Structure formats: structure tokens, C-alpha cells
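Here is the structure we will look at, set down as C-alpha cells.
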Amino acid sequence: MSGHISPIREPLITGAKTYHQITEDICGPTERMPSRAWMITFVLAVLGLAFYIFCVTWTIWVGIGSWNLNRTIGWGWDITNFVWWVGIGHAGTLISAILLLFRQKWRTGVNRAAEAMTIFAVICAGQFPLIHMGRLWLGFFIFPYPNTRGPLWVNFNSPLLWDVFAISTYFTVSLLFWYTGLVPDFATVRDRASGIRRKVYDFLAFGWTGSAKHWQRWESLSLILAGLSTPLVLSVHTIVSFDFATSVIPGWHTTIFPPYFVAGAIFSGFAMVQTLMIITRKVLHLEDYITLEHIDSMNKVILATGTIVGVAYLTELFISWYSGYIYEQFAFYNRLMGPYWWSYVGMMSCNVLSPQIFWSKKLRQNIVVTFAMSIFVNIGMWFERFVIIASTLARDYLPSAWSYYSATWVEIGLFIGTLGLFSTCYLIFTRVAPVVAVAEIKSILKNAGDQYVGMKNAHKEHAHAEVEAKSGHDHH
Amino acid sequence: MKRSPNKDVLFGLYNDETEILSAVHKAKADHLDIYDVFTPFPVHGMEDAMELSESRLHMAGFVYGLIGLLTAFLGMTWIFTSDWPIIFGGKPYWSVPAFIPITFELTVLFAAIGMVVTFYTICGMGPGVINPTLHDRITDDKFCLAFDVTNASDADKSKFQSFLEKTGAEEITQKQI
């Protein structure tokens, strides 16, 4: 029906599921009372969120002076966190868009949760430039709108403004893409619900019926949104890298930044997907849908992008030496040997060296190792942004202006606070929406379920073919 | 927003997509007028079986994208060359390369929003819309083939009924929607 599937392909859905069983397994968690583990995590997440609100209030009340930024180092933890969160937000759309175009079936197990993660990560990222402005209530000045001051427009030549457009477009398109995918699944939950829950899901499902024409349009829309999101996801981190690359600061002014940032973003995004997926599949018992095969595939992406990032680091070092330009040479000497050498070491070991263990299939399929690695990568990618931002700014052109910077409790609190914001959103998501795309999983069941494909079926098919060949022979 | 029922529909539920797909093929061969088919997931080959015309959503998307592209590019051009020209970093007023990122972003933004809004509008869907559904398991594991019998004669009704029975539909029901 949909082409020949190699019988030795690893199944992506285990446990010989039927369509109804899939519905039960995936919609079930939204219908039960939350577990104790969920409640405890949720309380912690909300406490983190409350602390975040406290730190934001403190920053605005006291002023940016409550941070340790100074005349030399104007960007610190805030922009580091911003770039870190935006980077994490890249995996979702990559999984749902690029892997859709490449017809990678394993994406269906993880795309829903990864897209949710993307949206929440972009929300967290967007906080930092706004807080960094100091006067949060004038945040709307960043949009070009007819105003009574002339009208005075924004600077369309500035990469910081491109960033505003890139991030807000990315957020909007990801949200639309995600919700359109959710509508048929909300309808599934709706048709199982009664009472007040039915009313809520009636609203969320937008009146979905499952008509053939609607499915046809839905598939067409998904494909085009995927096509649009593919260059979009590459553009976002490219533009974030322009914030640095179009400046004239040695260490930032490099043409390698766009591809290097995009690879790093995919790298960190997949690490965060692994962190969340390993917990989610365990807590919601989704091991049959998010299998070791999925984890293996994502670890391959982590290995590939981690290595690309490693090549980029080494290229940077080589080019700075080869350029013969002393300021550029000094910027990189300073990264390795300067006051922030420890963050360079953290970056190199977490991002380049440690992912190399994933050349081993055994380690790629080991849950504990994968979870630990995902945390390493998250830390390493945070260090990367800190290295780029703080270590570069700390040693600028004038030695008399050289300075050092370490965060205050407010800045650290803002970072921990966004982790609370992120976790709160994600935990609510796991309660109200099917965490795995129900309809999409059903549509791949017949060529990815373990009762249809995999080694044990290969023998069956082989035997079957032999019998057929024999009986065909008999007829002659 | 629930509309009052105005249609009588006779439908049967199948257990597998291959069954409904062959039923649809057979109905087309027998020149039976199918009201609609409802499935829990997009069934491959259904558009061909139902002889649905290709969706023109992508053309709408192209037009929306073009509107976004022109809005961004012409907007920035007008602002920086005539409304309030400012020199930034010694570059010309009309610095086209610097306009590319925003032009790209707005192209994507307009195309995406436009297509999504169009999709929900032409499908008669949206926040708060409640469309009648035939059976609660259609979004779960049942595949539904429906005939419109609002003004059908008894002979036609029994023809539909026996067709559904013959093609392997399990549950056959008439419902007003």
C-alpha cells in the first residue's frame, strides 16, 4: 500500500498495538489523576516560576544595577540564557519539519513533545531581551508601528531587529504548526470525554470530524508548513548569530558563525529532547512508542552535530592563527588561557569530547548514559554561549578597560526561574494534550509496528515467500 | 455554535483501513453517491479512491507569502527612502541586503498565518465550533463510510444498507445530523 518496507527495519512501535490500544495508551494519562511524582515536580516547578517572577520584579524595581554587568561587559548571563534557550527551541521544528520532508518515520514518536518543548523554550528565550531592556513596559518599541514621534521607525538594518522578527515569526509558526497537528488528537480526547471535560475539548478540537477532505487538506497544510519551517528554523539561529557576527568585535566577527550556531542549536535542542523524553516515557509508560530505536536515532543526531560544532571550534582557532591579525589571535588565546579558561574547558569537554562515546551503538541505546550525556550537552552548550559572550567582552581593545564579570544572585535566579517557567509549561502540557501524536502514530502502525516489521517478522515473511513460490510451482 | 440537524445519514463502521478503502473503490464502481468518509488518521490512497480534487491550499499559501514579501520589502523601502531616511553606518538609504532577513521572515509569517486561517475557514472549523459527529469511535479506531439519505427512496436506502453489509461494515446506523 505504501511501498515495500524492509522486513529487517527496526520496529518503531512495540507491543503489537491495535489502533484502540494506541488511543488508550496515549490519551490515558490526560484522563487519570496525576501521579505523586508529577505533583511533586509540579510544585517544584511552580516554586521556580514564583522565584522567577520575584527576580524579574527585583530587576525592574532596583534596576539593571542589581546585575553585575559593567561598562566593559554589557552582555552576561542574560544574553547567554537567551541564546541557550533559543538554541534548545530548534529541535522541535527540526524534528517536525525537516524530518517530515525527509520522511523519517521515527519523528512521529517524539515530534509532539519536541514541538511543545520548542514553544516553551522560545517563550523562555524571549524573556531575556525584554528584561534586559530594563524598562519592560516600553518593550513594544521594538515593533515598527505608526507612532506620534514622527513616526519614528525602528532600524531595519540592525541584526537585533532582525532577531525580533525571526524569533516572533518562529514562535508564531511553530505554535500554528503544533496546534494544527494537535487538533485531530484533541478530537480523539473529546470523543472519549464527558461532562465539563467534553466541553473543554469540544473547544480545543475546533470541530474536527475526520472527514476525508479535511484530512487531505490537513496533510497538505502540514507539508507546506513543514516546507516553510525548514528554512525558518535555519534562519532563526543564523540571525541570532548575526547579533555577534555583524559586529566588529574580534572573536565575534566571523563568517563561520551562522552554520556553527545552527549546528549547535540542533545539538542542544536534541539534548533537551532526550532529557525530557527519557523522563516522559518512563513516567507516562510510553516505552512502546518512544523506543530505544528513537533514542538511538536522536543520539546519532547529537553525535553528528556535536562533531560539526567541534570542527567549528577548531576551525575558529586555526583561522584566528592563520589570519595573522593580532587582535583576532589574542581573542582566541584569551578564550583558552584567559580568566574564563574554565568555561572553555567545560565547553570543549561537554560538547566535543563526551558525545564521541556515541560511536558505540551499545552506549547510544543505554538510557542512563543517554540521560547523563543530555545533561552534559545542555551544560556544555550553556558554556559555549558564555565563552563567546563574556570571555570576548572581558578583554576588549583597551587593556585599561579590561574587566571581570560574575553573576549576582538575581541573574542566577532569573536563569533558574526560567527553568521553573519551562517545567511548569511542560508539565501542564503532559496533562492536557496527548504527548505522542496519536493520529500520526496510527498512520505508521502498519509499516512500523513490531507485529508487521522487524527481524522476527523477516523470518515469517521469508517462510511465507517460500510457501508461495512452492505453491506457484505446483500450479504449473 | 451548534447548527440544528438537517440531514439524514446512513453510515457503516469498518475495522480496518484496507476494508474501507476497497468499499470506497467498490462504491465508486457501483456509482453510489458517497456522502463522506471519516477516519481516525489520514488513510493513504483515500484521496484517489474518493476522487477528491487536489487541495489548492498551497496556491493560497504562495499568494499570502507574496503579500508578506511585498509588505516587508516595499514597507522598508518606503520608510528608509522617503518617509524618514537615515544613514546607518555609511550605507545607502536603500540597503537591500540588510532588508533580506526581515523580508524572508514576513514572507514565512504571512504564508503560515494565511494558510492556517484559510484551512480552518474552508473546513468550517475554528475555536468554539462544534460540528456534528457520527460516532465517538471514528477518532479512535473505526472507519466510517456515510451515505446521505435525506430524500432517498426506500429502495435507495436498502441498496445502501446492503452495500454496507456486503462490504463488511460492522455497525450500520441511520442518524440525523
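The values are calculated or read from the model by the stated rules, or taken from the named source; none is laboratory data. If you're wondering where the values come from, they're calculated on a predicted model, not measured in any experiment. All Cβ positions, glycine included, derive from the backbone under ideal geometry; neighbour counts span all protein chains shown. In case anyone asks, the SASA skips ligands and DNA or RNA and just uses the protein heavy atoms, side chains included. Shrake-Rupley method; radii C 1.70, N 1.55, O 1.52, S 1.80 Å.
Odds and ends about this structure:
- Within the accessible area of the protein assembly as shown (1.4 Å probe), percent carbon and sulfur: 67
- Average accessible surface area per residue within the range A:348-448, 1.4 Å rolling probe, Å²: 37
- Theoretical ellipticity at 222 nm over the protein assembly as shown - DSSP helices of four or more residues, -39500 (n - 2.57) apiece, nearest 500: -20500 deg cm²/dmol
- Percentage, to the nearest whole number, of Cα pairs in the range B:57-123 over 19 Å apart: 42
- Summed side-chain charge close to residue A:252 - residues other than residue A:252 whose Cβ falls under 15 Å, Lys, Arg +1, Asp, Glu -1: -3
- Within straight-line cross-link reach of residue B:142, aspartates and glutamates at Cα separation under 12 Å, skipping those fewer than 8 residues along the same chain: B:16, B:17, B:19, B:170, B:171
- Phi to ³J(HN,Hα) by Karplus 6.51 cos²θ - 1.76 cosθ + 1.60 over the range A:202-209, Hz, x for Gly, Pro: 4, 5, 5, 7, 6, x, 5, 10
- Listed residue (B:129, B:9, B:24) projecting farthest to the positive dipole end of chain B, Cβ model: B:129
- Between B and A, roughly 5600 Å² of accessible area is buried in total, ligands, DNA and RNA not counted and the probe set to 1.4 Å.
- Solvent-accessible area per residue for the range B:57-123 (1.4 angstrom probe, square angstrom): 50
- Test item: A:163-173 mean partner chain Cβ contacts at 10 Å: 4
- Environment charge of residue A:232, counting only residues whose C-beta is closer than 15 Å and scoring Lys/Arg +1, Asp/Glu -1: -3
- Calculated FRET efficiency, residue A:104 to residue A:311, Cβ-Cβ distance, R0 = 22 Å: about 0.40 to the nearest 0.05.
- Each peptide in A:342-349, A:61-68 gets a packing score, the mean of other Cβ atoms within 10 Å over its residues, and the list from highest to lowest is A:342-349, A:61-68.
- Taking the range B:57-123 and dividing mean pair separation by its residue count, relative contact order in percent (alpha carbons under 8 Å, at least six apart): 56
- Cross-link reach list, lysines versus residue A:282, counting only Cα pairs under 28 Å and skipping chain neighbours closer than eight places: A:17, A:105, A:300, A:361, A:362, A:442, A:446, A:456
- Distance in nm between pseudo-label sites at residue B:86 and residue A:219 (7 Å out along the Cβ direction from Cα): 5.1
- In this structure the amide hydrogen of residue B:14, modeled in the peptide plane, comes within under 5 Å of the amide hydrogens of B:143, B:144, B:145, B:170, none closer than 5 places in sequence on its chain.
- Computed FRET value (nearest 0.05) for residue B:93 with residue A:336, which takes r as the C-beta separation and R₀ as 45 Å: 0.55
- Peptide A:34-40 shows a mean partner chain C-beta count of 0 within 10 Å per residue C-beta.
- Paramagnetic reach from residue A:31 in the range A:415-445 [backbone N under 20 Å; point 7 Å along Cα→Cβ]: A:429-443
- Size descriptors for the protein assembly as shown, from the alpha-carbon set: Rg then Dmax equal 27.9, 98 Å.
- Solvent-accessible surface of the range A:15-82, taken per residue with a 1.4 Å probe and all protein chains present: 53 Å².
- Counting every C-alpha pair in the range A:193-280, the share spaced more than 15 angstrom apart comes to 75%.
- Across the range B:124-138, the residues whose backbone nitrogen lies under 18 Å from the label position 7 Å along the beta-carbon direction of residue A:199 are B:127-131.
- Local electrostatic count, residue B:50, Cβ distance below 14 Å [Lys/Arg +1, Asp/Glu -1]: -4
- One quarter of the convex hull surface built on the alpha carbon atoms of chain B amounts to 14.7 nm², the projected area averaged over directions.
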